[in-house]
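Notes follow once the structure below has been shown.
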Amino acid sequence: MYRRLSLPEKERPSICQLAARLLAKRKEIIFAYAFGSFLEEAAFRDIDIGVYLQKDTIPREKALEYELSLGAELEREIHYPVDIKVLNYAPVTLCHSVTGGKVLFSHDDEVRYEWVEKTWDVYLDMQYFLRNSLRDLLLSPGQPDRKRK
């Protein structure tokens, strides 16, 4: 079982500001979002942060190593567990969730807007198929087909 952490809601913006300052210094990061339970719930397991990198900065096969290294670096400064996700390689479903989070900083809003638009376009195109696939998986053999309302 994961340890759940708590932090008064009024103190959370200062953690986001510190993370933003630390990440904004990194030349390879174009923009960053905080998302997930740290923003949405009273208790959280870690601080989820998505970063979008300059093209060709980190190859896909090195993304996990980068995420772990940057997460550890931020943890030393913030004193809370940090989970970094490189948005360039993240699944569209995760990227869609990230767009509902808090922008920590953006060095290039045009790139960020294009990423958000592309994410939503792909997600909305996939949504119909994702729902139908989930419905098919949940229906066990022998049960009548339930029509969507």
Per-residue HN-Hα couplings for segment 57-66 [Karplus 6.51, -1.76, 1.60; θ = phi - 60°; Hz; x = Gly/Pro]: 6, 10, x, 3, 6, 9, 4, 4, 4, 4
Net charge near TRP120: determine it from the other residues with C-beta under 14 Å of the C-beta of TRP120, scoring Lys and Arg +1 and Asp and Glu -1. -2
So, with points 7 Å from each Cα along the Cβ direction, the ALA72-LEU7 label distance in nm works out to 2.1 nm
Using modelled amide H (1.01 Å from N, peptide plane; none on Pro or chain starts), what sits under 5 Å from the amide H of ARG45, excluding residues fewer than 5 places away? LEU5
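Looking only at segment 5-139, where both bridge partners belong to it, what percent of the DSSP beta bridges are antiparallel (to the nearest 5)? Write out the running numbers ahead of the final one.
Numbers: 12 of 17 bridges.
Among the beta bridges of segment 5-139, antiparallel pairing accounts for roughly 70 percent.
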From the backbone phi of segment 31-42, what are the Karplus-calculated ³J(HN,Hα) couplings (6.51 cos²θ - 1.76 cosθ + 1.60, θ = phi - 60°) in whole Hz, Gly and Pro given as x? 8, 9, 10, 9, 7, x, 4, 4, 8, 9, 10, 5
Mind listing which GluC sites (Glu not before Pro) in segment 33-75 are in a DSSP loop and have 10 or fewer other Cβ atoms within 10 Å? none
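Only the coordinates and a few stated rules stand behind these numbers; no lab work does. Keep in mind the model is a prediction, meaning the values are calculated, not measured. When we count neighbours, we look across all protein chains shown, and the Cβ atoms used for this are built from the backbone with ideal geometry, even at glycine.
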